[in-house]
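Below: the structure, in structure tokens.
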Amino acid sequence: MPTETVRHRGLDPQGHIVREGSLARVPHAFRPVVVAARERIPEAFGARLHSAYLYGSIPRGTARVGRSDLDLLVVLRAEPTDADRSDGRALDEALDEEFPQIDGGGTLLVSHARVLSELERHDLGWFVACLCTPLLGEDLAEHLPRYRPDSLLARETNGDLALFLPRWRERIAAAGDSDDARRPLIRFMSRHLVRTAFTLVMPRWNGWTSDLHEMAEAFGAYYPQRAEQLRAAAVLGYEPTGDRAVLTSYVDDLGPWLAQEYARVHGVKAPRPEDA
């Protein structure tokens, strides 16, 4: 097992996480989608809009035509309403229908105040500052600190897995009994578990990556007994199947173990109002 911390990729010379992604890295095939999103977000939200961001594989330059989704973060001047969420869904559906190069999309809606709140400093704030690419409006990263891959960041980003497991069991039970119904769940849960496993070891690995395979390898260096399980989950995060046994293993074995180990190593994420 590694015993020495070294600086890995994703950090600047001072050891801060470098913001990933940029508009310059958007693959040519996806540029019309980004242009359309930039035009339509203000149309959808009007004066309520503060700023908007891209995140995920498109601004990282790793998106695959017909396989990758469009990930947007929209920051509003006030807390999102049901009407705002409806407008976000309509935007996602319109872009997905018009552009075959994307396979769905999701627009996250948050308020300006929440992004800059002390509670979200090492979760949503870090997400905006390090994982989001500015698309419209003021970049809130200018009001946020620089981040290191430390235990505080690990705790506040993914120290809430235990809260998700009961919800995941409900989603699995409610899913139709077909591969097509289970495939999106396997993709989502695989990615969530690999990212959580990576941030468990992130302070020791001392770096940042969003590549699922590299995350799994970093984790496996510290937990070899779970390495193959994580490597398999990383594969399914990119190429999901519809195997029910995979979902069962996630909520009955890997997920509970990972939640317990995470709490032991980093503690539990500070509770959010919506968790009450």
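Computing Rg and the Kirkwood Rh from the Cα coordinates of segment 1-73 gives a ratio, Rg/Rh, of 1.13. Normalised size of segment 168-257, defined as Cα radius of gyration per 2.2 N^0.38 Å with N residues, equals 1.07. Solvent-accessible area assigned to carbon and sulfur over the chain amounts to 53 percent, based on a 1.4 Å probe. Here the gap between Thr81 and Leu119, fully extended at 0.36 nm per residue and compared with their Cα-Cα distance, gives a gain of 11.6 nm. Protein heavy-atom accessible surface, 1.4 Å probe, per residue over the chain: 47 Å². Between Val35 and Glu142, residue separation times 0.36 nm minus the direct Cα-Cα distance comes to 36.1 nm. Take the Cα of Arg9, step 7 Å toward its Cβ, do the same at Leu152, and the gap between the two points is 2.8 nm. Global size of the chain: 18.6, 54 Å for Rg and Dmax (C-alpha atoms, Rg to one decimal, Dmax whole).
Approximating the spin labels as points 7 Å out from Cα along Cα→Cβ, the Trp257-to-Arg272 distance works out to 2.8 nm. Principal axis extents of the Cα atoms in segment 1-160, from largest to smallest and rounded to whole angstrom, are 51, 35, 27.
Multiplying each eigenvalue of the alpha-carbon gyration tensor of segment 66-162 by 5 and taking the square root yields semi-axes of 26, 16, 13 Å, largest first, rounded to whole angstroms.
Bridge orientation summary for the chain: considering DSSP beta bridges with both residues in this region, about 65 percent are antiparallel. In segment 127-177, the ratio of gyration radius to Kirkwood radius, Rg to Rh, stands at 1.18 when only Cα atoms are counted. The calculated P(r) of segment 31-93, using every Cα pair and 10 Å bins from 0, goes 20, 53, 24, 3 in percent.
The values are calculated or read from the model by the stated rules, or taken from the named source; none is laboratory data. All figures in this text were calculated on a predicted structure; none of them were measured in a lab. Positions of Cβ are generated from backbone atoms using ideal geometry, with glycine treated the same way; all protein chains shown enter the neighbour counts. These accessible areas exclude ligands, DNA and RNA; they are computed on the full protein's heavy atoms, side chains included. Shrake-Rupley method; radii C 1.70, N 1.55, O 1.52, S 1.80 Å.
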